[in-house]
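Right, one structure below, let's go through it.
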Amino acid sequence: MSARLVVLVSGSGTNLQALLDACADPAYGAEVVAVGADRPGIEALERAERAGVPTFVVGVKDFATRDAWDAALAGEVAAHRPDVVVLAGFMKLVGESFLAAHGGRVVNTHPALSPAFPGMHGPADALAYGVKVTGCTLFVVDAGVDTGAIVAQSAVPVEDDDTVETLHERIKAAERAMLIEAVGRMAREGFTLDGRRVRLGR
Ligand code: GRF
């Protein structure tokens with residue numbers, strides 16, 4: 001049986017698209033059963049709709065408190081009974097309710113090589129620091145900002161004439177490949193978490 005993926009998005013959804021394309025092959029071992037967003041009108045939701053995948057939007061501003069939003073998001077995700085929740089360019093931190101409901105099977109992709117450059121501006125921060133190599137990280141979400149146990153990483157060179165945009169595009173190409181490879185293995189082989197060490201396979 002295919003693993004059930006719920007994917008959360010906030011933007012253009014190129015990582016989501018890579019997952020949708022991978023899941024089109026039954027041998028991949030996973031299916032995207034729903035796509036959720038924190039805002040309407042984004043390209044990522046259009047990609048889900050084009051693929052015939054149900055969508056939902058849970059906006060922070062529609063709730064009195066951040067905790068209420070977090071609990072509502074957790075509930076929407078739970079309704080789709082995910083085996084793995086993939087945050088793919090989801091630009092919000094999930095909170096206590098979400099982690100209580102789904103913790104341990106939520107992964108996020110970050111456009112830097114953790115533990116370097118956590119937060120919203122991974123490519124810009126790498127460029128400003130002057131590193132020659134950066135990349136992307138898939139991690140199991142915990143209560144911190146990009147601090148969770150690492151599932152996979154992929155390195156990307158920084159070129160002399162890079163801008164934030166060219167660097168981020170190069171990272172995103174590596175990010176899609178990393179995501180597809182690692183989520184597919186998680187779906188087909190399972191994974192275990194031992195402290196900070198993630199092991200794919202049974
Ligand atoms: C990715 O680089 C993700 O890591 C970052 O934002 C980008 C999302 O891109 N936080 P997309 O929406 O999947 O195209």
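The values are calculated or read from the model by the stated rules, or taken from the named source; none is laboratory data. All values derive from a computational prediction rather than experimental measurement. Because the Cβ atoms are built from the backbone with ideal geometry, glycine has one as well, and the counts that use them run over all protein chains shown. Please note that ligands, DNA and RNA were not included when accessible areas were found on the heavy atoms of the full protein model with its side chains. Shrake-Rupley method; radii C 1.70, N 1.55, O 1.52, S 1.80 Å.
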query = Could you list, bin by bin from short to long, the percent of Cα-Cα pairs of region 58-170 in 10 Å steps?
reply = 14, 40, 28, 16, 2
task = Kindly list the residues of region 20-62 that lie in the label zone of Arg81, defined by a backbone N under 18 Å from the point 7 Å along the Cα-to-C-beta vector.
result = 30-35, 54-55
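With the cut-off at 17 Å, report for region 1-103 the share of all Cα pairs above it, as a whole percent.
Distances greater than 17 Å cover 48 percent of the Cα pairs.
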note = Taking Cα atoms only, helix 66-79 is inclined relative to the longest principal axis of the chain by an angle, in degrees rounded to 10, of 70
query = Under a GNM of the chain (C-alpha, springs under 10 Å), which listed residue has the highest mean-square fluctuation: Val164, Val140, Val33?
reply = Val164
task = Just the ratio, please: alpha-carbon radius of gyration of the chain over 2.2 N^0.38 Å, N its number of residues.
result = 0.98
Probe 1.4 Å, accessible area per residue of the chain, Å² = 48
task = Could you grab the relative contact order for region 1-149? Cα pairs under 8 Å, six or more apart, rounded to a whole percent.
result = 22
task = Give me the distance in nm between label points sitting 7 Å out from Cα along the Cα-to-Cβ direction at Ala27 and Tyr129, one decimal.
result = 3.9
task = Would you calculate, for the chain, the mean residue ellipticity at 222 nm contributed by helices, counting each DSSP H stretch of 4 or more residues as -39,500 (n - 2.57) and dividing by all residues, to the nearest 500?
result = -11500 deg cm²/dmol
message = Quick check: residue separation of Leu99 and Met1 times 0.36 nm, minus the Cα distance between them. What number comes out in nm?
response = 32.8 nm
inquiry  = Give me a comma-separated list of calculated 3J(HN,Hα) values for region 155-163, in order, Karplus coefficients 6.51, -1.76, 1.60 applied at θ = phi - 60°, integers in Hz, x for any Gly or Pro.
reply    = 8, 9, x, 9, 8, 4, 9, 5, 9
inquiry  = Only Cα pairs within less than 10 Å get springs; with that Gaussian network setup on the chain, which residue of Gly184, Gly135, Gly75 has the largest fluctuation?
reply    = Gly75
task = Enumerate the whole-percent occupancy of each 5 Å bin, from 0 to the last occupied one, for all C-alpha pair distances of region 106-202.
result = 3, 15, 25, 23, 16, 11, 6, 2, 0
request  = Go ahead and collect, in residue order, the members of region 94-129 whose backbone nitrogen is under 15 Å from a label point 7 Å along the Cα-Cβ direction of Arg196.
outcome  = 113-118
task = Using a 1.4 angstrom probe on heavy atoms only, work out the carbon and sulfur share of the accessible area of the chain in %.
result = 53
ask   = Using θ = phi - 60° and the Karplus curve 6.51 cos²θ - 1.76 cosθ + 1.60, what whole-Hz ³J(HN,Hα) does each residue of region 179-189 get, with Gly and Pro shown as x?
value = 4, 4, 5, 6, 5, x, 5, 4, 5, 7, 10
note = In a Gaussian network model of the chain with springs linking alpha carbons closer than 10 Å, the residue among Ala128, Ala30, Ala88 that fluctuates most is Ala128
